[in-house]
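K.L.:
There's a structure below that I have some questions on.
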Amino acid sequence: MSTISITASGGSQARRAPGLMGWLLLMPMVLWLAAFVVIPTLILLVYSFCERGSFGEVVYSFTWENYVRALDWRYLKILLMSVWYAALTTAFCIVIGYPVAWFIARADVRLRSKLLLLIMLPFWISFLLRTYAWISLLKAEGVVSAFLQSASLITEPLSILYTPTAVIIGLVYAYLPFMILPIYSSAEKLDESVIEASQDLGAGAIRTFFKVILPLTWPGVSAGVLLVFVPAIGMFAITDLMGGARVPMVGNVIQAQFGAARNWPFGAALGICFLIIFVAVYALLRERESKA
Amino acid sequence: MIEHPTMKTTRPLIVAAMLAVAPFASAKELNLFAWSEYIPQSVIDGFTEETGIKVNYETYDSNEAMIAKLVGGGGEYDLIQPSEYAVEALAQAGRLEVIDRANVPNFANLSPQYLDQPFDAGNKFSVPYMVGTVGIAVNTEKVKEPVAGYADFFSDKYKGRLVVLDDGREIVSWALAAKGRSINDITAETLAEVKPLIASWLKNVKLFDSASPKTALLNGEVDMGIVWSGEGAILVQEDAKFAYILPKEGAHMFIDSLCIPKGAKNKAAAEAFINYILKPEVSKIISDEFPYTNPNLEARKLLTEEQLKNGASYPAAGKLETFKEIGEVSSLIDDLITELKSDL
C-alpha cells in the first residue's frame with residue numbers, strides 16, 4: 001500500500017497505491033480490523049485510565065492509578081514470570097519442533113501430506129478436551145504414573161500434575177504445531193543445492209546448519225516464535241487446569257479483573273502493558289530479520 | 001466473588017442462547033437470569049406447562065458477572081438469583097423491586113431460620129432459593145486423625161494433599177474465622193493481620209478449584225478439600241469414605257435468593273415463578289438434582305432419609321455467618337491473594 005515507490009514514469013502495477021477497486025477489495029479486511037482490533041484496543045486504552053465504581057462499573061474520570069498498580073512489584077513479578085514461562089515454552093517448541101519440521105519437509109511428497117495431517121489432527125478436537133486428557137494422563141492415579149510404576153522407573157505415584165512442570169508440558173503441547181508449521185514451510189522451500197554447495201566448499205554438517213540452513217529457515221523460526229511466545233504469555237486455561245491455579249500468569253490476573261474482581265479499568269491497564277510487550281517482541285524479531 | 005460449583009457444563013448456556021433468540025415479547029414470558037446448573041430444566045418446563053408462561057433462561061457463573069450485566073444494561077431480566085451479599089448490594093443501590101407477598105402464598109413453606117436475615121430484613125426484596133455452607137470434605141481412608149477446623153486442615157502434615165476453592169474472599173474468611181474475627185471484618189488492617197497465616201496455609205495447598213473441587217478428591221489427587229456443601233453432599237453420596245465437616249472456628253453460609261430487578265417488565269410472571277418453585281414437590285426436584293440445604297420445610301418432608309442424613313446438605317448446627325457486601329476492599333483481597341500465590 002506504500003505510495004513511496006511511485007516514480008514519474010509510473011511504478012509497476014503491484015506497487016501502485018490501491019485504486020478504487022483495490023480499496024473495495026480491501027474493505028472487508030479493513031472493516032474487520034477496525035471492528036475487532038482497532039476499536040476494542042481504543043476502548044481498552046480509554047478504560048485503562050478510568051476508575052472503578054463501587055459496583056464495578058467503569059467511571060469515566062482520569063487516573064494513572066491502574067498503571068501504578070500494574071507496575072507494582074507483585075504484578076510485575078507475575079508478568080516477568082509469565083514471560084519466563086513463555087520463553088521456556090518457545091525454547092522447547094523450537095528444540096522439539098525444528099527437527100520434526102525439517103524431517104517432514106524432506107520426506108517423500110506422499111508421506112509429507114500424511115505427516116502434516118498428523119500435526120493438524122489435534123485441532124479437530126476441542127482444546128479444553130485435550131487439556132483434560134493431559135490431566136488424566138498425568139494425574140497420580142493416571143496412565144503415565146501406572147506405566148512408570150509398573151516399569152519400576154519410579155516408586156511413588158507421579159506428582160507432576162498441578163506443578164509448573166505440568167504447565168510447561170501443557171503449553172509446549174498446545175503451541176508445538178504453531179512452531180512446526182511455519183518452520184516446515186520455510187524448510188520446504190530450501191533448495192537442496194545450497195546445502196550441497198556448502199558441503200562442496202568444505203563446510204561440515206554443523207557449520208552448514210548454522211551458516212546456511214538456519215539463516216535460510218529463519219523466517220519460519222521467527223514466525224513460529226511470534227505465534228508461540230506471545231499467546232503463551234497470555235494463556236490462562238492451562239495454568240488453571242494443569243497448574244491447579246497455583247501459579248498465576250498474567251492471563252489469569254487479567255481474566256480475574258474482567259470477571260470475579262469486577263475491575264475492568266485495572267484489567268485494561270494490564271492488557272495495555274501486555275500489548276506493549278507484544279509490539280516490542282515483534283519489533284525485535286523484525287529487526288533481526290532485516291539484519292539477516 | 002463466590003463462584004458456584006454449578007458451572008461445569010455449557011448445556012444450559014446453549015439452551016439459554018437458543019431461547020434468547022426470540023426477542024418478540026409475548027404477553028406471557030419470563031426472562032430468567034440464574035446460576036448455571038442450579039435450576040433443573042424439568043422445573044422450568046413444568047412451570048411453562050402449568051402457567052403457559054414461556055421462560056427465557058440465561059445463565060451466569062458468578063454474582064459479579066450477573067451484577068456487571070445488570071448494571072451495564074446488557075439484558076432485561078425479570079428474575080435473578082443473587083447470593084446474600086449481592087442481594088444486599090443491589091437492594092442498597094435501589095435496583096430491586098419489592099416482592100408482593102400476596103402473589104407468593106407458598107412463602108409460608110420456608111423455614112424461618114433463613115428468613116429475615118441482615119442482608120434483607122423482612123425479606124422485602126428476596127426469597128431464599130437454596131442454602132449452603134463452605135466446609136471441609138475429608139477422605140477418611142487417607143486422613144485418619146480427626147479434622148475439626150482450619151488449623152487441623154492446613155496442618156503441615158497434609159502438605160500437597162489439599163484442594164481449596166479458588167476464591168480470595170472465601171480464603172480470607174477462613175483466616176479471619178481462625179483468628180476469632182467475624183468473616184466480614186475485612187479492612188486493610190485485618191488483612192495485614194491474617195496475611196502471614198494465609199501465606200503459611202497456601203504453601204500446603206496442591207490445587208485451587210472453585211468449579212469442581214470434588215473431582216480432585218474423587219480421583220485421589222488430594223485427600224481433603226474446602227468445598228461448597230453441594231459438592232460435599234455429592235462426595236458423601238458417591239462414597240461413604242467421604243465426610244463433610246463444618247469448621248469449628250466458623251464457616252460461611254450462603255443464601256442464594258430469588259429477586260426481581262427494578263423495572264422488570266414481567267413482575268407478575270416472576271412472582272408466579274417464585275411461588276411455583278416454593279411448591280414442595282417442585283422444590284424436592286431441585287434438592288434431588290442439587291443437594292444443597294433446602295430451606296423449604298414442606299419439601300424436606302418429601303426427601304428420603306438418606307438425603308436428610310447427608311451431613312453436607314443438612315449439617316449439625318455450627319457457627320455460621322453470611323457474607324456482607326464489602327465494596328472496594330475487594331481489590332485489597334485480590335492484591336493479597338495474587339501476591340501470596342505468586343510466592344508459591
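K.L.:
So which residues in segment B:192-205 are part of a helix (DSSP H, G or I) and either more than 9 Å from chain A (Cβ to nearest Cβ) or at positive phi (or both), if there are any at all?
P.N.:
B:192, B:193, B:194, B:195, B:196, B:197, B:198, B:199, B:200, B:201
K.L.:
Restricting to segment B:215-229, name every residue that is under 17 Å from residue B:171 (Cα atoms) and part of a helix (DSSP H, G or I).
P.N.:
B:229
K.L.:
Right, next: Any residue in segment A:150-165 that's farther than 12 Å from residue A:139 by Cα: show its pairings with residues that are surrounded by fewer than 17 Cβ atoms within 10 Å (Cβ to Cβ) and of a type in the set (A, V, I, L, M, F, W, C) at Cβ separation under 7 Å, as long as the two are six or more apart or on different chains.
P.N.:
Matching pairs, first to second residue: A:154/A:148.
K.L.:
How many residues are in a loop (DSSP other than H, G, I, E, B) and charged (D, E, K, R) if we restrict to segment B:282-324?
P.N.:
Residues flagged as in a loop (DSSP other than H, G, I, E, B) and charged (D, E, K, R) within segment B:282-324 amount to 3.
K.L.:
In addition: Determine if segment B:177-187 includes at least one residue that is outside any helix (DSSP H, G or I), away from every other protein chain (no Cβ under 14 Å), touching an Asp or Glu at 6+ places or on another chain (Cβ under 6 Å) and under 17 Å from residue B:278 (Cα atoms).
P.N.:
No, the conditions are met nowhere in segment B:177-187.
K.L.:
Follow-up question, since we're still on this one. Any idea which of A:197, A:187 is under 30 Å from the mean Cα position of the chain (by Cα) and modelled with pLDDT of 90 or more?
P.N.:
Step by step, each of A:197, A:187 is checked, and only A:187 is under 30 Å from the mean Cα position of the chain (by Cα) and modelled with pLDDT of 90 or more.
Residue by residue, here is whether (1) outside any helix (DSSP H, G or I); (2) of a type in the set (Val, Ile, Thr); (3) loosely packed, with under 15 Cβ neighbours inside 10 Å holds:
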{"site": "A:203", "(1), (2), (3)": "yes, no, no"}
{"site": "A:219", "(1), (2), (3)": "no, no, no"}
{"site": "A:231", "(1), (2), (3)": "no, no, no"}
{"site": "A:272", "(1), (2), (3)": "no, yes, no"}
{"site": "A:286", "(1), (2), (3)": "no, no, yes"}
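K.L.:
Could you tell me whether segment B:325-336 includes any residue that is away from chain A (no Cβ under 14 Å), assigned to a loop (DSSP other than H, G, I, E, B), at negative phi and not charged (D, E, K, R)?
P.N.:
No; the residues of segment B:325-336 include none that is away from chain A (no Cβ under 14 Å), assigned to a loop (DSSP other than H, G, I, E, B), at negative phi and not charged (D, E, K, R).
Per-residue answers, yes or no, for (1) part of a helix (DSSP H, G or I); (2) within 30 Å of residue A:142 (Cβ to Cβ); (3) not basic (Lys, Arg):
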site: B:190; (1), (2), (3): yes, no, yes
site: B:207; (1), (2), (3): no, yes, yes
site: B:231; (1), (2), (3): yes, yes, yes
site: B:265; (1), (2), (3): no, no, no
site: B:271; (1), (2), (3): yes, no, yes
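K.L.:
Moving on. Evaluate the following for residue A:26: is it within 24 Å of residue A:267 (Cα to Cα) and surrounded by 12 or more Cβ atoms within 10 Å (Cβ to Cβ)?
P.N.:
no
K.L.:
Looking at segment B:145-160, which of the residues that are part of a loop (DSSP other than H, G, I, E, B) and crowded, with 18+ Cβ neighbours inside 10 Å is farthest from the other protein chains (Cβ to nearest Cβ)?
P.N.:
Among those that are part of a loop (DSSP other than H, G, I, E, B) and crowded, with 18+ Cβ neighbours inside 10 Å, it is B:149.
K.L.:
Out of the residues in segment B:206-237 that are more than 19 Å from the chain's Cα centre (by Cα) and among the hydrophobic types (A, V, I, L, M, F, W, C), which is nearest to the other protein chains (Cβ to nearest Cβ)?
P.N.:
Going through the qualifying residues, I end up with B:207.
K.L.:
Still on this structure, I have one more. For residues in segment B:38-60 being assigned to a loop (DSSP other than H, G, I, E, B) and either free of Cβ contacts under 8 Å to residues at least 60 places away in the same chain or crowded, with 22+ Cβ neighbours inside 10 Å (or both), which is farthest from the other protein chains (Cβ to nearest Cβ)?
P.N.:
B:52
K.L.:
Restricting to segment B:117-140, and then to whatever is at pLDDT 95 or above and in a loop (DSSP other than H, G, I, E, B), can you tell me which residue is surrounded by the most Cβ atoms within 10 Å (Cβ to Cβ)?
P.N.:
Here the residue is B:125.
K.L.:
For segment B:62-90, which residues satisfy the criterion of being without any contact (Cβ under 8 Å) to a residue 60 or more places away in the chain and either within 13 Å of another protein chain (Cβ to nearest Cβ) or assigned to a helix (DSSP H, G or I) (or both)?
P.N.:
B:65, B:66, B:67, B:68, B:69, B:71, B:72, B:73, B:74
K.L.:
Is it the case that some residue within segment A:49-66 is out of contact with any Lys or Arg (no Cβ under 9 Å at 6 or more places or on another chain) and under 28 Å from residue A:227 (Cα atoms)?
P.N.:
No, there is no match, as no residue in segment A:49-66 is out of contact with any Lys or Arg (no Cβ under 9 Å at 6 or more places or on another chain) and under 28 Å from residue A:227 (Cα atoms).
K.L.:
Ok, one more. For residue B:193, state whether it is assigned by TED's automatic domain parsing to the domain that holds residue B:248, over 21 Å from the mean Cα position of the chain (by Cα) and either without any contact (Cβ under 8 Å) to a residue 24 or more places away in the chain or buried (at least 22 other Cβ atoms within 10 Å of the Cβ) (or both).
P.N.:
In short, yes.
K.L.:
Looking only at segment A:117-175, filter to residues that are small (Gly, Ala, Ser) and within 19 Å of the chain's Cα centre (by Cα); which one of those is surrounded by the fewest Cβ atoms within 10 Å (Cβ to Cβ)?
P.N.:
A:126
Conditions (1) free of Cβ contacts under 8 Å to residues at least 60 places away in the same chain; (2) more than 12 Å from every other protein chain (Cβ to nearest Cβ), marked per residue:
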{"position": "A:199", "(1), (2)": "yes, yes"}
{"position": "A:216", "(1), (2)": "yes, yes"}
{"position": "A:228", "(1), (2)": "no, yes"}
{"position": "A:232", "(1), (2)": "no, yes"}
{"position": "A:244", "(1), (2)": "no, no"}
{"position": "A:259", "(1), (2)": "yes, no"}
{"position": "A:263", "(1), (2)": "no, no"}
{"position": "A:286", "(1), (2)": "yes, yes"}
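The values are calculated or read from the model by the stated rules, or taken from the named source; none is laboratory data. These numbers were taken from a predicted model, which means no experiment stands behind them. Positions of Cβ are generated from backbone atoms using ideal geometry, with glycine treated the same way; all protein chains shown enter the neighbour counts.
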